[in-house]
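Colleague: Below you'll find the structure I mean.
The values are calculated or read from the model by the stated rules, or taken from the named source; none is laboratory data. It should be emphasised that the depicted structure is a prediction, and the values quoted were computed from it without experimental measurement. Cβ sites come from the backbone with ideal geometry, for glycine too, and all protein chains shown count toward neighbours. SASA here: full protein model, heavy atoms, side chains in, ligands and nucleic acids out. Shrake-Rupley method; radii C 1.70, N 1.55, O 1.52, S 1.80 Å.
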Amino acid sequence: MLGIQLMGNFGYFSLLTIVASIPLLDSVTPRSLQLSELFVAGAPIATNAFVVVHTLASLGAFLFNSWLGQGWTLWSLWFRFPRWFQPIIGCFRLAQPLRWLHPYGVFPPNNQPGVKMALLPEVSWDGEQWHELHFKYAPNHERSLPHFVAPYHPRGDQAIIYDTFGLNANSLMGGVLGPWDPYYYASSPPALEFCQKLVASTTNTLAQGEAVLQHATPPKAARVTTVMLEPTSLEDRKQTGRLWKRTYVGPHVPTHEYDPNFYDDAYGEPELWHPESIVWRSRSRFRELMERARTRREDPLQLAIWDGRLTSADVELFWREFVPMISAADRSTFDTLPAIVAAVRARFDRSQRRVLERLLGRFSLILLARFEPLYFHRLRQPLLPAPTYLQLWMLAHHIIAQGKTFYPRSARGRRHGPALERAARADDHTHRALPALGVPLRRDVLRGAEAAPAQLRGLPARSRREARDRREASAVGPVELEQGRALRRLARAHAVGFFSA
């Protein structure tokens, strides 16, 4: 650690490690510890009780690494455990903002490729000639010199690498690695907001360039590309002065011009949070929506606009135009997704796309309110056998894709098994296009990838199924059991995939 500190790279982490290692030099206290005297008369019982609880809790947190430190108590996985386990994880979750436990360790003991991925921001005042901007500490051009930073930690430059790889809170990985805030997932990507700031002002402390100093007005446009840096040889450096060989990889943020309404929808409403934001939704006003959806007493098409913030005209637009447009697309490949994005953005203006995206989230939540009793607290024997909670959302998208006539029957929990099976047989590629329902509506840069089908677990033996249904009948009721049977048949006929954008 001292050697790393002297080299001046990542000194912030080295200081923490050194400080955390100081108690290891104490050889007296551990030897004087006697567990039998922790709670005797005169002992600091409250303090010792906290130490015992903290020690036991640390054994659980030790299984994770620091990438998971902020969000591991929020995972949807914990809701699959029995109900007696929920108060335990609930206590961990309640104390999480106090940072009383934190996993340690991230990097595995193996060698990475000898290259560095970096972001290259560029600005233009005429849309034709582009000028590079360079970060102070993060290398992104051929003559980027390493800087001595210890003990200072340049957080902005260091965080750029995570956005380069897409490991930010806007990605689907936010359900596993996400921060203690659900709004990040539904907000504008950091690189896009960075471009907005570049074209909004001439003052920028993160990236600078000679062209910025020569102009008194903000740039007309900005963009960010991904480049790969490979270290040059000593001979090459001596002859050319280059430290890196730079190779163009691809666009990260396309050309962006100043948007006066950028911050009008830069932050997402609760219906746009990550699918696995179960805890946060239970603390939001959408808890009322899901509780009312479970009663099956209200029309789901009207329930989606229960708060008065969206209208019946918005619902009609969603079912009459948006859903047919997406469902009619070629689902055999994601190569057609850019064309769908272009068509949706040509047909609907910005405010309409935002409303449609919110309605998609609301209609999905209504279905999830019906799915959760069939899935939570059942470990490996859920009545709805989806491998992950995210795939329940994909199943909800599948039902929405069937249209306005089919959706209400599913949301009300009627006996719709034959209808679900017909929907499953209708299109073998439906599961591959489901996540694309929301992609044309998001403001993210489109980074398409082939969806990987995730095979759902098959039906159990008939005798086991009948015994389980009898056992669960008193807990969930016959309507839920019928829905569970129908959706299991659908799941078996249809693998539910997911799309990572």
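Colleague: Which of the residues spanning segment 376-398 are under 30 Å from Pro324 (Cα atoms), polar (S, T, N, Q) and open to solvent by 40 Å² or more (accessible area, probe 1.4 Å)?
Modeller: Step one: of segment 376-398, the residues under 30 Å from Pro324 (Cα atoms) are 384-398.
Still in the running and polar (S, T, N, Q): 388, 391.
Within segment 376-398, Thr388 is the sole residue that qualifies.
Colleague: Hey, can you tell me all the residues within segment 369-383 that are in a loop (DSSP other than H, G, I, E, B), farther than 26 Å from Ser171 by Cβ and either modelled with pLDDT of 85 or more or in contact with a Phe, Trp or Tyr (Cβ under 6 Å, 6 or more places away or on another chain) (or both)?
Modeller: Kept after step one, since they are in a loop (DSSP other than H, G, I, E, B), are these residues of segment 369-383: 376-383.
Okay, now just the ones that are also farther than 26 Å from Ser171 by Cβ, so 377-383.
Passing the criteria: His377, Arg378, Pro382.
Colleague: State whether one or more residues within segment 296-312 are on the phi > 0 side of the Ramachandran plot and of a type in the set (D, E, K, R).
Modeller: Initially, segment 296-312 is screened for residues on the phi > 0 side of the Ramachandran plot, giving 296, 308.
Imposing the further condition that a residue be of a type in the set (D, E, K, R) reduces the set to 296.
Looking for residues that are on the phi > 0 side of the Ramachandran plot and of a type in the set (D, E, K, R), one finds at least one in segment 296-312, hence yes.
Colleague: Mind checking which helices (runs of 4 or more DSSP H) fall wholly inside segment 231-330 and carry at least 3 residues that are within 23 Å of the chain's Cα centre (by Cα) and surrounded by 12 or more Cβ atoms within 10 Å (Cβ to Cβ)? Talk me through it step by step, then tell me what you get.
Modeller: Values: elements: 234-240, 278-282, 286-295, 300-303, 312-317, 323-327.
In segment 231-330, 278-282, 286-295 are the helices (runs of 4 or more DSSP H) which contain 3 or more residues that are within 23 Å of the chain's Cα centre (by Cα) and surrounded by 12 or more Cβ atoms within 10 Å (Cβ to Cβ).
Colleague: Shifting gears a bit: Please go through segment 1-40 and pick out each residue that is at pLDDT 80 or above and touching a Ser or Thr at 6+ places or on another chain (Cβ under 9 Å).
Modeller: Result: Pro23, single match.
Colleague: Do you know which of the residues in segment 190-211 that are assigned to a helix (DSSP H, G or I) and aliphatic (A, V, I, L, M) is most open to solvent (accessible area, probe 1.4 Å)? Before you say what the answer is, go through the steps one by one.
Modeller: Narrowing segment 190-211 to residues assigned to a helix (DSSP H, G or I): 190-200, 210-211.
In the following step, the residues that additionally are aliphatic (A, V, I, L, M) were identified as 191-192, 198-200, 211.
Working: Ala191: 10, Leu192: 20, Leu198: 9, Val199: 8, Ala200: 53, Ala211: 13 Å².
Only one residue tops the list, namely Ala200.
Colleague: Which of the residues spanning segment 87-124 are of a type outside the set (Lys, Arg), in a helix (DSSP H, G or I) and touching a residue at least 12 places away in the same chain (Cβ under 8 Å)?
Modeller: From segment 87-124, those of a type outside the set (Lys, Arg) are 87-92, 94-98, 100-115, 117-124; that's our starting set.
Remaining after also requiring in a helix (DSSP H, G or I): 87-92, 94-98.
Hits for segment 87-124 are Ile89, Phe92, Gln96, Pro97.
Colleague: Right, next: Looking only at segment 349-360, which residues are more than 21 Å from Phe406 (Cα to Cα) and surrounded by 20 or more Cβ atoms within 10 Å (Cβ to Cβ)? Please lay out each step first, then the result.
Modeller: Initially, segment 349-360 is screened for residues more than 21 Å from Phe406 (Cα to Cα), giving 349-355.
Residue satisfying the conditions is Val355 alone.
Colleague: Would you tally the residues in segment 44-77 being free of Cβ contacts under 8 Å to residues at least 12 places away in the same chain and outside any helix (DSSP H, G or I)?
Modeller: Count: 1.
Colleague: Considering only residues of segment 231-258 that are free of Cβ contacts under 8 Å to residues at least 24 places away in the same chain and of a type in the set (Asp, Glu), which is nearest to Ile160 (Cα to Cα)?
Modeller: Checking each candidate, the answer is Asp236.
Colleague: Give just the number: which of (1) over 27 Å from the mean Cα position of the chain (by Cα); (2) surrounded by 14 or more Cβ atoms within 10 Å (Cβ to Cβ); (3) under 23 Å from Arg242 (Cβ atoms) does Ser124 not satisfy?
Modeller: (3)
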